[in-house]
Amino acid sequence: MPPEKIEAAFAFIKNHVERFGFAPTVRDIAEAAGYKSSRSGLQLVLALERQGRIHRDMTQERKIHLGDRH
């Protein structure tokens, strides 16, 4: 994934969580980064998770926590 797409996704997630109190959908994340596929949104989420910038709670849908490195 291009770094600028990852940054766009992170900024979108951070803004959405701060504004609404919950994470956006994977599809919304993909669209915010300029992709049409939900799969691309998932790849962005996984990239951010590998970087330690977010943490997903696998027990709940749309549960993303901002990591220590934001």
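In the chain, what percent of the accessible surface is made up of carbon and sulfur (1.4 Å probe, ligands and nucleic acids excluded)?
Answer for the chain: carbon and sulfur cover 49 percent of the accessible area.
I need two numbers for the chain: Rg to one decimal and Dmax as a whole number, Cα atoms only, in Å.
Answer for the chain, Rg first and Dmax second: 10.6, 30 Å.
Between Lys63 and Thr25, what is the label-point separation in nm under the 7 Å Cα-to-beta-carbon projection?
According to this spin-label approximation, the distance is 2.0 nm.
Rounded to the nearest 500, what is the 222 nm mean residue ellipticity of the chain from helices alone, with -39500 (n - 2.57) per DSSP H run of 4+ residues and division by all residues?
Using -39500 (n - 2.57) per qualifying helix, the result is -17000 deg cm²/dmol.
Using the Cα gyration tensor of the stretch 1-42, with a ≥ b ≥ c the square roots of its eigenvalues, what is the shape: rounded (a/c below 1.5), prolate (a/b larger than b/c) or oblate (neither)?
The shape class here is oblate.
Lys and Arg at +1, Asp and Glu at -1: add these up for the other residues within a Cβ distance under 14 Å of Leu42 and post the number.
After counting each charged neighbour, the total is +3.
Cut-off 10 angstrom, C-alpha nodes, Gaussian network model of the chain. Which of Glu31, Glu18, Glu49 fluctuates the most?
Glu18
Can you work out ³J(HN,Hα) from phi for every residue in the stretch 11-26, in order, using Karplus 6.51 cos²θ - 1.76 cosθ + 1.60 and θ = phi - 60°, giving whole Hz and x for Gly and Pro?
Listing the rounded values in order: 4, 5, 4, 4, 4, 5, 5, 5, 7, 10, x, 8, 6, x, 6, 4 Hz.
The values are calculated or read from the model by the stated rules, or taken from the named source; none is laboratory data. Just so you know, these numbers come straight off a predicted model, no measurement behind them. Positions of Cβ are generated from backbone atoms using ideal geometry, with glycine treated the same way; all protein chains shown enter the neighbour counts. Please note that ligands, DNA and RNA were not included when accessible areas were found on the heavy atoms of the full protein model with its side chains. Shrake-Rupley method; radii C 1.70, N 1.55, O 1.52, S 1.80 Å.
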